[in-house]
Every structure is written in C-alpha cells, then in structure tokens.
Amino acid sequence: MKKWVLGSIIGVTVLLIFLVVMAPARIVLPWATNDLKQLTLNQPSGTIWEASLESITYQGRSIEDISIKTSFFNLLIGNLSSHITVNDNGVSLEGDVILNSQNMVVNSARYQIEASSILDWVQLPITELSGRFIGDINGIELATKELKTLDANGYWQNAVVGYPNSVLELGDIHFTVERTDNGRALLTITDNPGILDLKGTLEVGFDKQYQLDVSTQTDVPSNIKQWLTQLGRTEDNRILIKWNGRLP
C-alpha cells in the first residue's frame, strides 16, 4: 500500500513537472503579470523556459523583439525569474528580470537607447535628438503606479540636439538615475565636457509630470547663446533653463 501511494505521488509529481516544462508561454506569462495593469505582453510564443514576445507594451508605448530564458526553481515560488534580451530598433537591453503578480524587478542590465526615440515619449521644444544612451541598470523595482527602487547610470554618446535652422553638438553627457524620496525618477548630469558644460537634473513620476532643471556656461557662440537665453535666464555666469511638462 505504501509503495502504491509513493508511486502515485511520484507519478503525479512527474506529470506536473512535465506540464509545467511544456506550458506554453502564451498562457503562463500573462497570468504572471495579471496585476501589473500597465504592462502588456504581446504575442508570446515558445515555452516559459525559452519564450519570445513580439512586443511589451507599457503605458501605451511598445518595445519589440524580446526573448526570455526562465529559471525553473523561482517559478515554483511564484516568480518568473528570467534573463531577458531586447533587440528593438530603438532599444537594446540584456539583463535579469523577475516578474510576479505584484512587482517587476530588473537587475544587472546593460542598455542602449537611440536618442531619437525619446521624442516619442517626451514633448520638448526641439526638433531633433540624436546619439545613443549607453549604460547599466544596477537595480529597478516597479509595482503598480509605484517606483520602489532605482539605481542606474550611463552616458549620452555623441549627443546632438536640433532646433529650428540649426543643430547643437553636446559631446558626451554622463549621468546617474535614482529614486527620490517621493518615489520619482531623478536623472542627474555628472559630467559634460562639451561646448555647453551642462549641469542639472530631470525628474519624472508616474503622474507623467516631468521637471527639467539645467544650466549651461555663458561662454558659447553668440547664435547658441541667443537661443539659450530665449529658453532661460542668466545668473552667476550660467544660463538657467527650467521646463515643466507632461509625458504624452
């Protein structure tokens, strides 16, 4: 009798493991993110161990061509712990992601973002952005309408900003990104050896409101200085520029 019970338990366990291993990603992945209403996984295929997604949509914006390799043991405790690779036209990312019904966590990720794609997300009084954002995400944790942790850094390589009838080459702009005490994301410029000597911050929250507070040196070509002073004011040999706006 004991052998029969033990054999039945082993048999059921093996069957469950088989079903989990072969579970289609199109069923399991949406279930794991059911409570993250702002995150949508589109057209999943493969199994939960090696899945592909046509795109991920977050707050109405999509990132395409995602592949995911998932850990079995974390799945047993209710987490999708995966190594994720993104090869979107505007975004390249590789790192470790943990998903469950409450949170999304990204650790040890390397990213590259085409600067031109930023204008699809943020409304700014400029006509062009070019160059590439390159950096590392040491850790980020997102819940529904809440930023729990954020620690990242990087630089804007060969930064170029276009405005009517001209373009401005800014060089490389180095920055850090962290969570503020009130749960907003804060980008701080740490170094810019280019023509403007940019300093300042960009802050944005889940309410989609952003605040840009930067300054430049005043020793710049006259045509650039004229444009900058139209956007801000001069104080202590710096041109101060502040923008408040809302993400689309």
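The values are calculated or read from the model by the stated rules, or taken from the named source; none is laboratory data. Worth saying up front: this structure is predicted, and the values here are computed from it rather than measured. FYI the Cβ positions are ideal-geometry reconstructions off the backbone, even for glycines, and counts take in every protein chain you see.
Annotations
- Of all residues making up the stretch 194-230, the number that are of a type in the set (Gly, Ala, Ser) and at pLDDT 90 or above: 2
- The residue that is farthest from residue 138 (Cα to Cα), among those in the stretch 169-213 that are outside any strand (DSSP E or B) and of a type in the set (D, E, K, R), is 197.
- Taken over the stretch 169-207, the criterion of being aliphatic (A, V, I, L, M) and free of Cβ contacts under 8 Å to residues at least 40 places away in the same chain is satisfied by 170, 173, 177, 185, 186, 187, 189, 195, 196, 198, 202.
- Any hit, the stretch 82-98, residues being touching a Lys or Arg at 6+ places or on another chain (Cβ under 8 Å), modelled with pLDDT of 70 or more, surrounded by 14 or more Cβ atoms within 10 Å (Cβ to Cβ) and closer than 26 Å to residue 209 by Cα: yes
- A single entry from 151, 191, 120 fulfils the requirement of being among the charged types (D, E, K, R), at pLDDT 90 or above, over 30 Å from residue 222 (Cα atoms) and surrounded by fewer than 16 Cβ atoms within 10 Å (Cβ to Cβ): 151.
- Residues of the stretch 138-168 satisfying the condition of being touching a residue at least 60 places away in the same chain (Cβ under 8 Å) and assigned to a loop (DSSP other than H, G, I, E, B): 144, 145
- Residue match in the stretch 165-177 (condition: farther than 29 Å from residue 96 by Cβ and hydroxyl-bearing (Ser, Thr, Tyr)): yes
- Of all residues in the stretch 213-240, those satisfying the criterion of being touching a residue at least 40 places away in the same chain (Cβ under 8 Å) and surrounded by 14 or more Cβ atoms within 10 Å (Cβ to Cβ) are 224, 227, 231.
- Test result for residue 245, surrounded by fewer than 17 Cβ atoms within 10 Å (Cβ to Cβ) and in a loop (DSSP other than H, G, I, E, B): no
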